[in-house]
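Remarks on the structure that follows.
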Amino acid sequence: MGRPDPEEGQLPAPVKPPDGGWGWIVLFGCFVITGFSYAFPKAVSVYFKELMKDFHVGYSDTAWISSIMLAMLYGTGPVCSIMVNQFGCRPVMLIGGLLASAGMILASFTTNIIELYLTAGVLTGLGMALNFQPSLIMLGTYFDKRRPLANGLAAAGSPVFLSSLSPLGQVLLEKFGWRGGFLIMGGLLLNCCTCGAVMRPLDMGMKRKMGKAQDKYEAKEMLPIGGKSEEGISTTDGTKKAKKAKKKPKKGKKLLDFSIFSNRGFIIYTISKFILVLGLFVPPILLVNYAKDTGVPDTEAAFLLSIIGFIDIFARPACGMVAGLKWVRPHVAYLFSFSMLFNGLTDICSARASNYTGLVIFCVFFGISYGMVGALQFEVLMAIVGSQKFSSAIGLVLLIEAFAVLIGPPSAGRLVDALKNYEVIFYLAGSEVVLSALFLAVASYCCLNRGKKKEPPSENNPSAGGGSDTEEAESDVQEAEEHSSDNHQPAHSTENAMVAANEEANHVGEEQSGEGGGCPTGDGEVLARDGCNADQTVERDSF
């Protein structure tokens with residue numbers, strides 16, 4: 001059979017994730033963005049003691065700064081999804097970098113804690129959110145087979161930046177005060193704009209190939225092929241315009257896809273993450289102040305975060321490599337559950353640590369478990385919903401997690417103010433993390449495994465980037481194949497007329513020599529070269 005109309009989808013195959021090339025530059029940009037997004041709210045805790053003295057506030061009041069940053073990072077997820085689907089990743093990230101920097105610069109001029117909430121909390125948090133989510137979407141677009149490793153390497157940005165920003169913040173605090181430190185931190189956040197600039201859309205090359213293929217096909221279509229060619233071409237053009245007009249509404253891209261809530265795996269993952277976030281960020285946020293209250297010098301207390309970051313650097317890529325193994329990747333949700341269980345038990349077992357040695361041991365094990373959680377959380381989400389719906393899924397998940405972020409650390413700060421005891425906080429945080437791990441494992445085993453035996457395998461293609469033009473092209477190809485298979489009727493088919501016309505132009509010699517002889521032909525019809533199937537007949541008058 002001949003080739004169908006190029007507008008029906010039979011253009012070059014959509015670009016697959018290269019798993020390398022420019023993807024490594026995108027990975028580095030995602031590494032930097034992840035580092036700022038996750039490490040910055042924790043590194044700011046170095047300034048809390050000075051802020052408490054200047055503004056005469058308590059632990060819970062200063063803890064709100066980190067909580068608001070994280071809440072903006074999570075709570076604006078749907079807004080980020082809509083902006084990315086509407087404008088693309090690169091413009092959104094450039095705007096986000098400017099907002100993040102402006103927030104910290106303005107925070108250096110604040111005179112009360114409320115102004116700090118609005119500048120360092122809301123504005124900087126919003127800017128980091130507009131960088132974080134698009135960078136993950138671009139990473140999923142450029143990587144498929146190596147995606148677990150890519151996620152692990154990108155997630156390693158958090159500990160690398162935590163281990164460097166925390167001591168840097170302490171040095172800036174001693175030399176320039178908290179105002180000078182905030183000003184310099186604002187300048188560092190301008191690097192997010194550079195990372196946004198390297199996020200080149202993968203589908204640009206595909207569009208160029210599609211355009212070339214269409215031009216080539218139209219040029220071939222214009223070749224003289226017989227006395228009735230003009231009539232056939234004009235009829236085909238009319239058919240193409242009608243089909244194009246009919247397909248236009250289907251190409252509309254959803255700004256936010258709520259159909260993912262029908263996915264049981266997504267529901268289980270979301271509930272588990274909500275419980276997890278209630279306790280996950282509490283220990284690192286309160287760790288520095290806890291160490292200072294136990295008599296640890298300020299410099300050594302800040303170094304505890306560096307220990308967590310140093311261990312985390314190696315834990316995340318290592319966990320990503322393990323998750324990418326063939327026999328592990330289908331069960332990555334259970335590995336994620338184990339990592340959460342490990343983290344929660346670390347909090348519980350270290351609750352009685354009362355000296356610097358005990359805190360160092362806690363930081364080592366917490367760094368390993370925290371790194372495993374960070375490396376797997378988005379890989380599990382991609383595996384559950386597929387890359388096509390990832391841009392909407394991550395936005396909705398982050399929105400739900402924002403409520404947990406607003407509850408967890410501030411509540412822990414209030415308990416510290418009321419009880420003057422950190423032991424209860426570690427027990428509570430660890431219990432929440434353990435509960436999330438058990439819920440994910442049990443619910444996945446009871447609901448999803450049984451459902452897989454009854455339901456057909458998912459059609460989601462994890463290799464395509466979420467919300468990209470590549471996916472639209474793939475869906476158009478499928479629609480075109482279905483449409484063309486429905487229209488292969490014995491006679492009066494304009495599409496088959498064009499097909500036969502092209503074959504006649506290229507193989508006229510073979511047609512005239514009687515190829516396919518021995519097969520009966522109907523009145524006014526000629527059979528295609530491949531055989532005598534009625535689905536392959538066309539009108540002779542079309543020539």
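The values are calculated or read from the model by the stated rules, or taken from the named source; none is laboratory data. These figures come from a predicted structure and were not determined experimentally. Because the Cβ atoms are built from the backbone with ideal geometry, glycine has one as well, and the counts that use them run over all protein chains shown. Accessible surface areas use protein heavy atoms only, side chains included; no ligands, DNA or RNA. Shrake-Rupley method; radii C 1.70, N 1.55, O 1.52, S 1.80 Å.
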- request: For each pair in 273/420; 53/175; 53/420; 145/389, compute the distance between the two Cα atoms and list the pairs where it is over 22 Å.
  value: 273/420
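Please state the relative contact order of the range 258-451 as a whole percent: Cα pairs under 8 Å, 6+ residues apart?
Contact order relative to length: 43 percent.
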task: Can you send over the solvent-accessible area of residue 99, 1.4 Å probe, protein chains only, in Å² to the nearest 10?
output: 50
message: Whole-Hz ³J(HN,Hα) for each residue in the range 413-423, computed from phi via Karplus 6.51 cos²θ - 1.76 cosθ + 1.60 with θ = phi - 60°, x for glycine and proline: what do you get?
response: x, 5, 5, 5, 4, 7, 9, 6, 9, 7, 4
query: Taking the inverse of the average 1/r across all pairs of different Cα atoms in the range 77-204, what Kirkwood radius in Å do you get?
result: 15.7
task: Pull out a ≥ b ≥ c, the square roots of the eigenvalues of the alpha-carbon gyration tensor of the range 355-403, then state rounded if a/c is under 1.5, prolate if not and a/b is larger than b/c, and oblate in the remaining case.
output: oblate
field: Unit Cα scatterers, Debye sum, the range 44-99: log10 I(q)/I(0) for q = 0.17, 0.24, 0.30, 0.31 Å⁻¹
entry: -0.66, -0.89, -1.14, -1.17
- request: Pick out, from 287, 337, 266, the residue whose Cα sits farthest towards the positive end of the charge dipole of the range 258-451, with +1 on the Cβ of Lys and Arg and -1 on the Cβ of Asp and Glu.
  value: 266
task: Return the sequence-ordered ³J(HN,Hα) values of the range 49-60 in whole Hz as given by the Karplus equation 6.51 cos²θ - 1.76 cosθ + 1.60 applied to θ = phi - 60°, using x for Gly and Pro.
output: 4, 5, 5, 5, 6, 6, 9, 6, 10, x, 4, 4
task: Take the Cβ-Cβ distance between residue 255 and residue 400 as r, set R0 to 25 Å, and report the resulting FRET efficiency rounded to the nearest 0.05.
output: 0.85
field: Separation in nanometres of the label points that stand 7 Å from Cα toward Cβ, at residue 423 and residue 407
entry: 2.7
task: State the extension gain, in nm to one decimal, for the chain segment bounded by residue 354 and residue 197, taking 0.36 nm per residue of separation less the distance between their alpha-carbons.
output: 51.9 nm
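Using the Cα centre of the range 258-451 as the reference point, and only Cβ charges (+1 on K/R, -1 on D/E), how large is the resulting charge dipole? Debye, rounded to the nearest 20.
On the way: 11 positive and 10 negative charges, 141 e Å.
Roughly 680 debye, rounded to the nearest 20.
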